[in-house]
Amino acid sequence: MAEEVGFTSMAGARAEGAAPEIGVGMLGYAFMGKAHTNALKKLPYMMYPPVARPTLAAVCGRNEEATRAAAERYGYARVYTDWRQMIDDPTVQVFDNGGPNDAHAEPCIAAAAAGKHVFCEKPLARTAEEAKSMLDAVQKAGVKHMVAFNYRFVPAIVQAKRLIDSGALGRIFHFRAVYLQEWIIDPNFPKIWRLDKTVAGSGALGDLGAHVLDLARYLVGEPRSVMGMTKTFVEERPLPDGSGRGRVDVDDAFVALLDFENGAVGTVEASRFCQGRKNYNSLEINGENGTIQFNLERMNELNVFWAGDEPKETRGFHNVLISESYHPYWENWWPHGHIIGWEHTFVHEFHHFFSAIVKGVDVAPYGATFEDGYRNAVICDAIVASSESRRAVDIRY
């Protein structure tokens, strides 16, 4: 089953001979730096036999003291405060960009020009125009490139993808998804970089919406038009340095309607103003033969309904625990029922990326490339344009 949809089973994962060592240079060491490093260290002994052995060649950050502390904590060999110097380091073969959104384009473009493979956090860029410059750079350089849309690598999402690709759901009618959090609802929460358009590009749209829009394209197909609305609930916040207050110029929430090329319709929503919601990324896909429902907060489960699969008196949704050895990636983890978590999606994601590097195969279609990151940015820009014009906007790549 894995080979049918492009996910390599571990039995065939080892490259010829010993797994090569691949040096990783990481920009950023905070939230995503921790998540990426954890995955890089787990990969060789959990995705076993490994297709590659990542080595922690270097870490880069603007604050030298904090960067050195991160290097000591995680085990990076060298410390840089200038990403240009890290890219020049011959031990760095993969440039892993976990920095803020305004630090995505220039370093990734430079790394590609230097012949480094590039892995970049989402959203790929602040605008579609910026994303296109990054896509052009990696294509010109001929390096492998991937955007960290890690939810493609949740085993339950992979299982849903297999079901859809097999035709089991039949014609798809609906895609609906929400990504809801609560963490900035306090009006006295400071204006951090995620609330600054010059740094982040957008708010909940790029931070959370980018994920569900990627899953929409991945699971259902390309949208041809969108109609969106964005909203900022708290328009002014305290500045982090205590020097006063600053205007919030990104969205706190958005909703959008999608019209897919295959005739399906979609609704997507993201907000950071939903009391009680911690990391509620939930989607549902309705087809002519059944329905699949997923919730990231219960990420090892799928709720599935099949039309006509049992007597009507007992027909209903089935909750399926995705933890059997024949489910995606589970042969690498624990006995069934011993649950894995959010951090393991990064292990699967990096395994996929290093497999593409070592074997010389495409990251697409199962990993998100810079092409996917660019298309995602086009859709995000179209949602903003639709909100401003109060009209539907066609998607043009």
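What do you reckon, is GLY221 surrounded by fewer than 23 Cβ atoms within 10 Å (Cβ to Cβ), in contact (Cβ under 8 Å) with a residue 40 or more places away in the chain and under 23 Å from THR291 (Cα atoms)?
Considered against the rule, which asks whether it is surrounded by fewer than 23 Cβ atoms within 10 Å (Cβ to Cβ), in contact (Cβ under 8 Å) with a residue 40 or more places away in the chain and under 23 Å from THR291 (Cα atoms), GLY221 comes out as yes.
Looking only at segment 274-286, decide whether some residue is in the same structural domain as HIS338 (by TED's automatic domain parsing), assigned to a loop (DSSP other than H, G, I, E, B) and among the polar types (S, T, N, Q).
yes
Out of curiosity, is PHE175 within 30 Å of TRP334 (Cα to Cα), in contact (Cβ under 8 Å) with a residue 40 or more places away in the chain and buried (at least 22 other Cβ atoms within 10 Å of the Cβ)?
No; evaluated as a whole, the condition is false for this residue.
Take segment 87-130 and flag every residue that is surrounded by fewer than 21 Cβ atoms within 10 Å (Cβ to Cβ) and free of Cβ contacts under 8 Å to residues at least 40 places away in the same chain.
Across segment 87-130, the qualifying residues are ASP88, PRO90, GLU106, ILE109, ALA110, ALA113, ALA114, GLY115, GLU129.
Mind counting the residues in segment 358-377 that are buried (at least 21 other Cβ atoms within 10 Å of the Cβ) and either β-branched (Val, Ile, Thr) or without any contact (Cβ under 8 Å) to a residue 60 or more places away in the chain (or both)?
2
Can you tell me how many residues in segment 374-397 are more than 14 Å from GLU222 (Cβ to Cβ) and in contact with a strand residue (DSSP E or B) (Cβ under 7 Å, 6 or more places away or on another chain)?
7
Could you give me the residue pairs with C-beta distances under 6 Å whose first residue belongs to segment 330-357 and is touching a residue at least 12 places away in the same chain (Cβ under 8 Å), whose second residue is of a type in the set (D, E, K, R) wherever it lies, and which are 6+ apart or on separate chains?
What qualifies is HIS336/GLU324; VAL347/LYS42; ALA356/LYS144; ILE357/LYS144.
Could you say which residue among GLY167, GLY206 is of a type outside the set (A, V, I, L, M) and over 23 Å from TYR280 (Cα atoms)?
Going through GLY167, GLY206 in turn, the sole match is GLY167.
Take the conditions outside the structural domain of HIS117 (by TED's automatic domain parsing) and under 15 Å from the mean Cα position of the chain (by Cα) and apply them to ARG375. Does it pass?
Taking the combined requirement at face value, the residue satisfies it.
Which numbered condition trips up LYS231, out of (1) buried (at least 19 other Cβ atoms within 10 Å of the Cβ); (2) touching a strand residue (DSSP E or B) at 6+ places or on another chain (Cβ under 9 Å)?
The failed condition is (1).
Which count do you get for residues in segment 305-357 that are in a helix (DSSP H, G or I) and β-branched (Val, Ile, Thr)?
Total satisfying the criteria: 4.
Just checking, does segment 142-153 include any residue being of a type in the set (A, V, I, L, M, F, W, C), under 30 Å from ASN289 (Cβ atoms), in contact with a Pro (Cβ under 9 Å, 6 or more places away or on another chain) and surrounded by 24 or more Cβ atoms within 10 Å (Cβ to Cβ)?
Within segment 142-153 (the criterion being of a type in the set (A, V, I, L, M, F, W, C), under 30 Å from ASN289 (Cβ atoms), in contact with a Pro (Cβ under 9 Å, 6 or more places away or on another chain) and surrounded by 24 or more Cβ atoms within 10 Å (Cβ to Cβ)), the answer is yes, since at least one residue qualifies.
Select from segment 378-397 the residues that are touching a Phe, Trp or Tyr at 6+ places or on another chain (Cβ under 9 Å) and either outside any helix (DSSP H, G or I) or of a type in the set (Ser, Thr, Tyr) (or both) and write down the one among them that is surrounded by the most Cβ atoms within 10 Å (Cβ to Cβ).
SER387
Given the condition aromatic (Phe, Trp, Tyr), modelled with pLDDT of 95 or more, outside any loop (DSSP other than H, G, I, E, B) and out of contact with any Pro (no Cβ under 8 Å at 6 or more places or on another chain), answer yes or no: does some residue in segment 254-265 qualify?
So far as segment 254-265 goes, yes, one or more of its residues are aromatic (Phe, Trp, Tyr), modelled with pLDDT of 95 or more, outside any loop (DSSP other than H, G, I, E, B) and out of contact with any Pro (no Cβ under 8 Å at 6 or more places or on another chain).
Let's see how each residue does on (1) touching a Cys at 6+ places or on another chain (Cβ under 8 Å); (2) surrounded by fewer than 21 Cβ atoms within 10 Å (Cβ to Cβ); (3) free of Cβ contacts under 8 Å to residues at least 60 places away in the same chain; (4) in the same structural domain as ASP96 (by TED's automatic domain parsing):
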{"position": "MET46", "(1), (2), (3), (4)": "no, yes, no, yes"}
{"position": "PRO49", "(1), (2), (3), (4)": "no, yes, yes, yes"}
{"position": "ARG53", "(1), (2), (3), (4)": "no, yes, yes, yes"}
{"position": "CYS60", "(1), (2), (3), (4)": "no, no, yes, yes"}
{"position": "GLU64", "(1), (2), (3), (4)": "no, yes, yes, yes"}
{"position": "ARG73", "(1), (2), (3), (4)": "no, yes, yes, yes"}
{"position": "ALA77", "(1), (2), (3), (4)": "no, yes, yes, yes"}
{"position": "TYR80", "(1), (2), (3), (4)": "yes, no, yes, yes"}
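The values are calculated or read from the model by the stated rules, or taken from the named source; none is laboratory data. From a predicted model like this one, the values you see are computed outputs, not experimental measurements. No Cβ is skipped: glycine too gets one built from the backbone with ideal geometry, and neighbour counts run over all protein chains shown.
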